[in-house]
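Notes follow once the structure below has been shown.
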Amino acid sequence: MVENAVDDAVTSDAKDGRGRLKEATRLIIEIVKYHPRYFFIAVSGATVFAVCTVASSIGLKWMIDRVILVRFNEGRIDSSAIVVGSILIIGIGLLRALGVVVRRSYAGKTEWRTAETITNKVLDHIVAQPVKWHRQHMTGDIVARCGVDADASVAILAPLPFSSSVLVMMLVSASWMLYVDVPLGLLAVTVFPLLLFLNIGYQRRIDRYYNLAQRELGTLSEAVHESFDGVMVVKSFGAEERETQRLAVITSRLRDARIDAVYIRSIFEAMLDAIPSLVNIALIVIGAMRVKSGAMSVGDLSSFIYLFTLLMFPLRIIGYLFSEIPHSVAGWSRVREILDEPIMSDPLVLIGKTQTGTAIEISDLFFSHTPESDLIKNLSLHIETGRTVAIVGATGCGKTTLLHLIAGLIAPQSGSISLQDGGVGLVFQEAFLFAETLRFNITLDADVTTAKVQQAAEIAECAEFIDELAVGFDTSMGERGVSLSGGQRQRVALARAIAQDRSILLLDDTTSALDPATEAKVIRNLREMNGHQTVVIVASRPSTIALADEVLYMRDGVIADHAAHSVLLSRRDDYRELINAFEHDRDSTASLNRTNEKDI
Amino acid sequence: MNEPIGRFATAKTITRGVNIAPDLGKGIGVTFLFALVGSLARVVVPILIQQSIDNGLQPGNVRVDYIAKLGLIAAISVVVASFSLRRAVLRLGISTEQGLYGIRIKLYDHIHRLSLADHNEERRGALVSRVTSDIETLTMFFSWGALVWLLDGSLMFVVACVMLSYDWILALVAFAVSAPLFIVLRSLQKRLVAAYDIARESNSMLLGTISELVSGTETLRAYQAHEPIVSRTKKAVRSRADSQIRAGVIGAFLFPSGEVFAVLTIVAIVIVGVLRGVGGGLTAGAMVGFVFLTYRFLEPIAEFTEVVDQTQTAVAGLRRVLSVLDTPTGPPSAINPIALPSGPISIELRDLSFSYGSRADTQDDDLPVLRNISLSIPAQQHIALVGASGSGKTTLARLIARLADPTIGSVMLSGVNVNKIENNELRRRLVVVPQEPFLFAQTIAYNLLFAKPDATDRDLLSVIKQLELDEWVSSLPDGLNTKVGQRGSSLSAGERQLVALARAALTNPDVLILDEATSAVDALAEVALSRALRALSAGRTTVSIAHRLSTAARADRILVLEHGKVVEDGSHRVLMGRDRQYATMYAQWLTATQVGA
C-alpha cells in the first residue's frame, strides 16, 4: 500500500514537472513585485557572496605560492607577501560574510513583508464578503488561507537570492577554473550538474516519504485524540488493550514510512560524502600531471581544490531549495482562489424604509437554502413601533433565518423588507465575545458613554456579576481572561445590542440559557426600557412567550397566525400542541402525579 | 535553572528513556564505530594533498605515478568510508524508529489505564500532545540532532587527531584561535532562540486574531463594527512580520561567523607555521593540509550550537513523556481474582468514603466527596441517585463501576469485592452509559461492536429488536452502516443515547449504571429513549443518576445525596410523604418547569 502511494506520486510528478516550473516562475514574478527593493538588495548581497567565494581561492593561491612554498622550498620569509596574503584572505572572507548577512537579512525582510502584504489583501477581501460567502466557507479554511497558505506562498522567497547566488557562483567559478586550466576545469565543471541532479532527485524521492509519513502522523493524531476522548467508553467496556492494538497498527505505518525514508537518506548522505571526495582525488592526480607538464603551479592546483571544496556546500543544499517550490505554488493558488472571487453584494442595501409608526414591514418574502424547497415562502408581516413581539414555531421552521433576513445579514430570493430608521441590534443564539475587555464587547469600540454601558448591563441583568469582577468592565475575555458561563455570555451579548442603541432589537432565543427567574427579569427590563425600541424575540419557553405583547406563530414558512399568546392558545390546536411539546417535561411528570394519586 | 543539577537530570532522563525503549540504545557502540570510519572520507583529501605536496610535487620532480598510487588508495578508502557512513545513518535511523514506536505503544497503554481523574477535558490535549508532538520532537532530534552529534562528533575527533599528528603546535594554534567561535555562536544562538520564541508567539497570536475575525464575522456584520477588529488584526500581522524579520537578522549574523573564524585561523596557522619554518619537522604539505582541515574542523561547530537547543527541546519532551508514564494508573488489576457468581447481581457498599485529595494536582482542601456510605441494593432493583451538582452522585456511580477505588471502605458485587474481580469479567457484567455517550467516527455497527467485538449480525439485530429500535434504524440512510460523524455529530443527542443503550445491551450486563442526559432531546427521540431504557433495564440491577425528577419518580428506590452523604432513602411515594429534602426538591422542580406569568 505504501509502495503504491509512492508510485502514484512518482507518475503524477513526472507528468506535471514542467508545468510546475512554469507555475513557480509565475508565482515568483507575481510576488516579487510586492517588495522589489528588498529583493534586489538581497540578490546583491548574494552576488557579493558568490564572487567572494571564487575570489577567496585567489587569496589562498597567493599564500601557498608566495609564502608557504617560498618558505619551505627556498627557506625565505617574505613578510610583505605575508601581509598582502593575510589582508587578501581576511578581507575577502569578511566581505563574503558581509554578503551573507545582507543576503539573509533582506531575504527575510522580503519574505515577511510580502507575507504581510498578502495576508492584509486576503483580510480586506474576506471582510468585504457578506455573511452568505462566509457560510459557504469553513472558518478553519479561511484562517488557513490568511495564515498558513500566505506563509507557504512566500516561503519560496527566502532561498531565492541564495539560489541565484549559487548560479552566479557556478558561472564565475566555472570560468575561473577553465581559465586556470582547461582539462582540470572541465572535470570539475561536470560535477556541478551531477550533484545538482542527485540532489533534486533525492529531494523529490525523500519528500514523497516525508509527505507519506506526515499523512500517517495526521491519521495517528486524529485516532489518538479520538481514543483518549472516548476513554470512558474504552474503560467501561474493558477495551484498553484493543485500543492500544488499533493505535499500534497506525503507529507502525508511520514507523515504516520513516524507516523507508531513512534507507534513501542513508544512501544519499553516503553518496554526497563520497562523490566530491572522489572527484577531488581525481583532480589531484590529473592536476599533478598538469603541474609536471608545467601548465600550472602547486598553488594553482591547491587553490583549485580549495575552491572546489568551497563550492560543495551550496551544491549540497541546493536540492532543499527546490523542495520549497511545490509547497509555495500550492499555497499561492489557495490564496489566489480567495482573492480572485468577486465580492458578493451586501444584502443590507436591499432593505427599505418604513413609514412612521411601523417598525418592520415584510411582504411576499421567499428564502431557501436549497433550490428544491423554500424555507420561507410568501411570508408577510407587519410590526408596529415599540411592541415586544415573540416569534414562535417548531424547531427548523425558519425563525432564525427570518431574524437574519431582517438584520440584513442574508438576502431573500424575492420579496421586500422595510425597517424604520435607526438600525437593528441582533443577538445571536450563540453569543460571540471577542478576546477583549467586557467594555469593548459591549461598545464594539463605538462612541458609547460609560453611563450608557452601565445602563445596558443593568437592563441585560449582567451588571451584577460584572461588578463582582476585580476590574469590572475592564475584565479581559482573552485566553488568560475570565471564562463566563453560557448564560452570562448571552447577557453580555444582549447588553451589547442594547448599548448600540438601535431602534429594533432582535433576540434569537437569547434568554434560553438563563434560569426562568432571570429571564423574566430581563424581558421585563426590556419592556420597561423607555424610548420607541421594538423588540422581536424568538422564544421557546412558555413563560417567555407569555410576556410578549403579541405572538407571531410561524409554520410551514409563513406567519400562520398573529395574536396575543392567550388568544392563540384558545383558538389554535396546533399552537397549543407546540406549546405543550415545549413543556414536555412538566407534562410527563404531571401525568405521573396523576397515576400516583390514583394508586393512593 | 541550576546548571549542574540540570545536567545530571538530563543524563538521568536519557538513561530512563533508553531503559523504557531499549531499541534506542541497542548497538549504539557499533553505530559509533561505523560513524568513526565513515568520517575518514572527509580527511582523505587533505591528507592526499599533504602527501602529494611533500613527496610528489617537489619543484622539478613531479612523481605522477606515486600520486596516482596514493590516489587509488585514497579512492578505495573513500568508498569504504562511505559504505560505513551509510551503515551508521541506517542503524541510527532504524533503532530510533523502533525505539520511538515502543515508547508510543507504552504511552497508549498507560494513558488508557490512567484513572478518569487524569482524563479531564483540560488534560486531554496535553495527553494527546505527549504521544504526538512530544514524541515528534524526539523524532526530529534523532533524525538531525543525534546524527550531527554522531557524524560531526566523529569528524571533529578524527580531524583533531590528524592535525595533532601533523604538528601539535599548529594544531593548538588552530584550536585556540577558533575557540571563541563557540562563545560567539552560543550567545547568538541563545538570542536567536529567544527571537524565534517571540516570533512563534506572535504567529499564534496572529492566527488567533484572524480566527476571531472570521468566526465573529456575523456579529461584526450585524453591527457594522469591522473597523476596530480589522485594525487590531493588521497590527498583529505587522508585529508578526517584525518579529520574524528580527529573528532572521540574528540568524544572518550567526550563519557566516564560522567563515570569519576560519579565515582568521588560516592566517594564524600560516603565520605561525612560516615563522617556525622547517626546523620543527613541519612541511609545506602539512601547512596546506592544515588550511583544508581548518574548514573541516569548523564546519561542525555551527551545527553543534544549533543542535544543543534541539537536544534540550528533545530532552524536555522526553521528560514530559516520562512524567506521564510515572503517573499511577487507575484502579490496579485484581491479583488472584475471584469469579462473580452468575445470575443477577446485588450491590453492597460498606463504609464508603472517597476524596480526590490524594491527587497532587488538586489544590482544594481534602474535603471528602463521599462520606461513610453504607447500603445494600438487592439484585434487579432500580435505584435513582438524586442530589445537587457536587453532591457526589457521579462519584458514587463511578465507585460502583470501579472506574475509581474508594479511599476507605469497599464495594461488593454479589458479595465479591470489586477489586477482586478480573477487569474483563467486571466489564462484561457491569456497563456504564455516560451522560454524553462517546461515539467513534465510524458506523453505528462499529460503535455497537465496540462493546463486544465477537458479536454476530444476528446479535446486533436482536438487540435492536429488544430495545424496539428497528423503526429508528430503518429510518437511517444506511441502517446500521450509517456513519455517525466526529463524536457522533451527525446524529442528534437523543440518537447518540440510543446507540449507547444498544451498545450497553449487547454485552447483556447484569448491572447497569446510567448517567441521565441533561440536554433536552426532541420529543420523538424522547419516546424511543424511554422505551429503550425500560427494555434495557428490565431484570437488571440499575443505578441511574437522575437529573430530572420525573425519572427519579419512576425508580423503585431513590437515594438523595447531600454533601457526600445519603440523606434520604426510599420510594417516591414514601419520600414525598416525609416532606424533607426530596419533597422540597420536587416541589421546586415542578414550579421551575411550569408555564410562567
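For chain A, the share of DSSP beta bridges that are antiparallel, to the nearest 5, is 45%.
Straight-line cross-link partners of B:Lys565 among the aspartates and glutamates, defined as a Cα under 12 Å from its Cα and at least 8 positions apart when in the same chain: B:Asp351.
Evaluate E = 1/(1 + (r/R0)^6) for B:Ser133 and A:Ile87, where r is the Cβ-Cβ distance and R0 equals 56 Å; express this FRET efficiency to the nearest 0.05. That pair, B:Ser133 with A:Ile87, gives E of 0.65. The mean count of C-beta atoms from other chains within 10 Å of the C-beta of residues in A:88-98, rounded to a whole number, is 4. Equivalent ellipsoid of the protein assembly as shown: semi-axes from √(5λ) of the C-alpha gyration tensor, largest first, are 72, 39, 25 Å.
The mean count of C-beta atoms from other chains within 10 Å of the C-beta of residues in B:63-74, rounded to a whole number, is 4. Could you list the residues of segment B:15-43 with an amide nitrogen less than 11 Å from a label point located 7 Å from the Cα of B:Gln98 in the Cα-to-C-beta direction? Only B:22-28 pass the distance filter. Look at B:Ser346, B:Ser571 and count the other Cβ atoms within 10 Å of each Cβ; fewest to most, that gives B:Ser571, B:Ser346. For a straight C-alpha distance cut-off of 29 angstrom, the lysines reachable from B:Lys106 (same-chain residues fewer than eight places away being disregarded) are A:Lys235, B:Lys12, B:Lys26, B:Lys420, B:Lys452.
Cross-link reach is defined here as a Cα-Cα straight distance under 14 Å, omitting same-chain residues fewer than 8 places apart; for A:Lys292 the aspartates and glutamates meeting it are A:Asp181, A:Asp300, B:Asp65. A simple spin-label model places pseudo-atoms 7 Å from Cα toward Cβ; at A:Val349 and A:His327 they are separated by 4.2 nm. Take the Cα coordinates of segment A:2-340, assign each an equal point scatterer, and use the Debye formula without solvent to give log10 I(q)/I(0) at q = 0.09 Å⁻¹. Results for segment A:2-340 at q = 0.09 Å⁻¹ read -0.69. Using only side-chain charges placed at the Cβ, +1 for Lys and Arg and -1 for Asp and Glu, the dipole size of chain B relative to its Cα centre rounds to 540 debye.
Placing +1 on the Cβ of every Lys and Arg and -1 on the Cβ of every Asp and Glu, with nothing else charged, gives the protein assembly as shown a dipole about its Cα centre of roughly 3500 debye. Nearest 10 degrees is fine. How inclined is helix B:28-38 to the longest principal axis of chain B, computing both from alpha carbons? With rounding to tens, the tilt is 30 degrees.
Here A:Arg242 and B:Leu172 are evaluated by their C-beta separation; at R0 = 45 Å the FRET efficiency comes out at 0.10. Under the simplified labelling scheme, the A:Glu222-A:Leu95 pair shows an inter-label distance of 5.7 nm, with each label point 7 Å from Cα along Cα→Cβ.
In terms of surrounding Cβ atoms within a 10 Å radius of their Cβ, A:Met529, A:Met170 rank from fewest to most as A:Met529, A:Met170.
Shown is the FRET efficiency for A:Thr356 and B:Gln224, computed with R0 = 22 Å from the Cβ-Cβ distance and rounded to the nearest 0.05: 0.35. For the pair B:Leu116 and A:Asn211, label points projected 7 Å from Cα toward Cβ lie 4.5 nm apart. In segment A:2-340, a dipole from Cβ-located charges (positive for Lys and Arg, negative for Asp and Glu) runs towards its positive end, and of A:Leu194, A:Ser165, A:Met271 it is A:Ser165 whose Cα lies farthest in that direction.
Put in line by how crowded their Cβ is, counting other Cβ atoms within 10 Å and starting with the fewest, B:Asp152, A:Asp474 read A:Asp474, B:Asp152. Its Cα centre serving as origin, chain A has a Cβ charge dipole (Lys and Arg +1, Asp and Glu -1) of approximately 2900 debye. From its DSSP helices (H runs of at least four residues, each -39,500 (n - 2.57)), the protein assembly as shown gives a residue-normalised ellipticity at 222 nm of -21000 deg cm²/dmol. Taking the C-alpha atoms only, the angle from helix B:457-466 to the longest principal axis of chain B is near 40 degrees.
Across chain B, C-alpha contacts under 8 Å between residues 6 or more apart give a mean separation that, scaled by the residue count, equals a relative contact order of 14 percent. On full extension, the segment bounded by A:Phe366 and A:Glu550 gains 63.9 nm, given 0.36 nm per residue less the C-alpha separation. Dipole of the protein assembly as shown computed with +1 at Lys/Arg Cβ and -1 at Asp/Glu Cβ about the Cα centre; of B:Thr294, B:Gly153, B:Val272, farthest Cα towards the positive end is B:Val272.
Seen against the Cα atoms of chain A and their longest principal axis, helix A:584-599 is set at about 50 degrees. Separation of segment B:245-298 and segment A:308-363, taken as the distance between their Cα centroids, equals 50 angstrom. Per-residue shielding of B:435-446, expressed as the average number of other chain Cβ atoms within 10 Å of the residue Cβ, stands at 2.
Projecting the Cα atoms of A:Leu310, B:Leu476, B:Gly285 onto the dipole axis of the protein assembly as shown, where Lys and Arg carry +1 and Asp and Glu carry -1 at the beta carbon, places B:Gly285 farthest toward the positive end.
Every read-out reported here was derived from the displayed coordinates using simple, explicitly stated rules and does not represent laboratory data. Bear in mind the structure is a predicted one, so any value in this text is a computation, not a measurement. Please note: Cβ atoms are built from the backbone with ideal geometry, for glycine as well, and neighbour counts cover all protein chains shown.
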